[in-house]
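The values are calculated or read from the model by the stated rules, or taken from the named source; none is laboratory data. Because the structure is a prediction, the values reported are computed rather than measured. Here Cβ is always computed from backbone atoms with ideal geometry, including for glycine, and neighbour counts include all displayed protein chains. Please note that ligands, DNA and RNA were not included when accessible areas were found on the heavy atoms of the full protein model with its side chains. Shrake-Rupley method; radii C 1.70, N 1.55, O 1.52, S 1.80 Å.
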Amino acid sequence: QLQAFGGGLVQTGGSLRLSCAASGRLFSSYNMGWLRQAPGKEREFVAGIKWSGANICYADSVKGRFTISRDNAKNTVYLQMNSLKPEDTAGYYCAAVGSGNYCRTHTFDTGYWGQGTQVTVSS
């Protein structure tokens, strides 16, 4: 089970840190991802991290502004979001997948999902 939190309302240029807590003993064996979906838009990959934390990938739209990390001892994955823009407004979801390319949206279609957390960036 995954639970994301940390969203909120922030002004353009502000920062937020999202957390996703996982239950269960197998968290450290799963590749994790953050995805987002805005109203009327398709789900979009944001960032992915390998089970070991050794490999990370980002969508071009967030490179240099967002940082994904994980702490396997705490069963938690994070998304540090800086320099937020209005176009970052969306529901943000964490997801886990056992195999496959964790840098692609559709890899997570068959994975485990948590409840989303809303991020709203005002202009």
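Here are a few things to note about the model shown:
- Top-ranked residue of region 107-123 - restricted to ones that are outside any strand (DSSP E or B) and either of a type outside the set (F, W, Y) or open to solvent by 20 Å² or more (accessible area, probe 1.4 Å) (or both), ranked as farthest from W51 (Cα to Cα): S123
- Scanning region 21-31 for residues that are open to solvent by 30 Å² or more (accessible area, probe 1.4 Å), under 21 Å from S99 (Cβ atoms) and touching a residue at least 24 places away in the same chain (Cβ under 8 Å) gives S23, G24, S28, S29, Y30.
- Region 54-74, residues that are in contact with a Phe, Trp or Tyr (Cβ under 7 Å, 6 or more places away or on another chain), polar (S, T, N, Q) and part of a strand (DSSP E or B): S69
- A search for C-beta distances below 7 Å between a residue of region 46-61 that is over 14 Å from F108 (Cβ atoms) and open to solvent by 70 Å² or more (accessible area, probe 1.4 Å) and any residue that is at pLDDT below 95 and part of a strand (DSSP E or B), counting only pairs 6+ apart in sequence or on different chains, returns nothing.
- Going through (1) part of a strand (DSSP E or B); (2) of a type outside the set (A, V, I, L, M, F, W, C); (3) within 21 Å of T110 (Cα to Cα) one by one, E42 falls short only on (1).
- Taken together, the residues in region 90-106 that are part of a helix (DSSP H, G or I) and in contact (Cβ under 8 Å) with a residue 40 or more places away in the chain amount to 1.
- Pairs with Cβ under 8 Å, 6+ apart, first in region 1-20 and more than 14 Å from Y92 (Cβ to Cβ), second open to solvent by 70 Å² or more (accessible area, probe 1.4 Å) and charged (D, E, K, R): T12/K85
- Applying the criterion of being of a type in the set (S, T, Y) and more than 17 Å from A59 (Cβ to Cβ) to the residues of region 74-102, the residue that is least open to solvent (accessible area, probe 1.4 Å) is T76.
- Inspection of region 71-89 identifies no residue that is farther than 19 Å from L2 by Cβ, polar (S, T, N, Q) and without any contact (Cβ under 8 Å) to a residue 12 or more places away in the chain.
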